[in-house]
Amino acid sequence: MCGRRGSEEAQDIPSNLADQLSTIDHLYPQLRIDFVAVKGTFTPQVIEAVSRRYKIPKNYMFIGTPGDHFPHRIEDLGGVRLIL
């Protein structure tokens with residue numbers, strides 16, 4: 001689910017993501033952020049599976065702004081929050 005077009009390659013995870021999460025962790029120590037990389041195509045069904053597996057409500061999840069070719073409507077993602 002990494003990358004803009006749903007690539008399944010680990011190298012498509014932004015190399016600076018860990019540093020960015022570390023910065024957020026330092027700025028907001030009371031906030032807990034868990035990064036979970038899931039190999040596969042980003043779909044509403046995957047969001048549902050992650051929600052069930054980790055027992056996290058979908059409205060506690062965040063996604064980056066999808067590109068122009070994202071095949072799903074945001075409303076179909078079950079309440080995940082969009083980071084603009």
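The values are calculated or read from the model by the stated rules, or taken from the named source; none is laboratory data. The model shown is predicted, which means the values in this text are computed figures rather than measured ones. Here the Cβ is made from the backbone with ideal geometry for all residues, glycine too, and neighbour counts use every protein chain on show.
For residues that are closer than 21 Å to residue 39 by Cβ and exposed (fewer than 12 other Cβ atoms within 10 Å of the Cβ), scanning just segment 7-19, find the one that is modelled with the highest pLDDT. Filtering segment 7-19 for residues that are closer than 21 Å to residue 39 by Cβ and exposed (fewer than 12 other Cβ atoms within 10 Å of the Cβ), the one modelled with the highest pLDDT comes out as 16. The set of residues in segment 21-38 that are surrounded by 10 or more Cβ atoms within 10 Å (Cβ to Cβ) and either free of Cβ contacts under 8 Å to residues at least 12 places away in the same chain or over 18 Å from residue 81 (Cβ atoms) (or both) comprises 22, 23, 24, 25, 28, 37. Return the residues of segment 49-70 that are among the aromatic types (Phe, Trp, Tyr) and either surrounded by 13 or more Cβ atoms within 10 Å (Cβ to Cβ) or part of a loop (DSSP other than H, G, I, E, B) (or both); say none if nothing qualifies. Passing the criteria: only 70.
Summed over segment 71-84, residues that are part of a loop (DSSP other than H, G, I, E, B) and without any contact (Cβ under 8 Å) to a residue 12 or more places away in the chain total 2.
One residue stands out among those in segment 19-48 that are in a helix (DSSP H, G or I) and in contact with a helix residue (DSSP H, G or I) (Cβ under 8 Å, 6 or more places away or on another chain): the one that is farthest from residue 66 (Cα to Cα), which is 48.
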